[in-house]
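Below is one structure; the comments refer to it alone.
Derivation of every value follows stated rules applied to the coordinates shown; laboratory data play no part. Remember, it's a predicted structure, so these values are computed and weren't measured experimentally. Please note: Cβ atoms are built from the backbone with ideal geometry, for glycine as well, and neighbour counts cover all protein chains shown.
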């Protein structure tokens, strides 16, 4: 599947911003904004492996800001429970019997657009990743991550960030690199004219897959300061979310895809 050949709009993602931020015609997970939940983040788990599902439920329920409100063993159950429970977030497996995660994601995003759907799967296959995004998935995480990493991604989702495993960010950037030679791109000097030196540092670290907390630790600044820098970067470059910012950093020549792909969770 060639992401760049898709028509504009649709449930699967957003174009990069216009103006200086107009990256190639590439679709990335949409940023759904801040989840304004009263109380814990309400989560629906969808996975056909009951031991994994029950273990994940216990892990999530151990956190005061998360609440597992339901469990489903296949996509059909997921659709029924999503309609009944109206969770804030659905953690969706990819391959399941009866109805797979892609079909369930497509239905949920069409019928319940305010519900965030994040794929949680063993698959790092590029075709699966882009298929999920085309179906409207709000993020894509791989099951080999640490529990603390999952907690951090979900809390970031609640603040409007895009949950995306670093391996999948690498695939997105490699796709970007294959497209980049066919189109004009801004120079690092051009980016420097728009961004402060600190903002350029933050942009590179975003592209390397670091979270706001990790960027704060790396630069010795507060997390809120990082958030302000990210907001300023997106505004100045005409981008919608940090995934587009990572793509833009490669497009602008601030770093190369191998630098990103080499990063591990």
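Which value does Rg/Rh take for the range 41-163 over its C-alpha atoms, Rh per Kirkwood?
Computed over Cα atoms, the ratio is 0.91.
Taking the Cβ-Cβ separation of residue 54 and residue 159 as r and a Förster radius of 25 Å, what is the calculated FRET efficiency to the nearest 0.05?
In this case the efficiency is close to 0.35.
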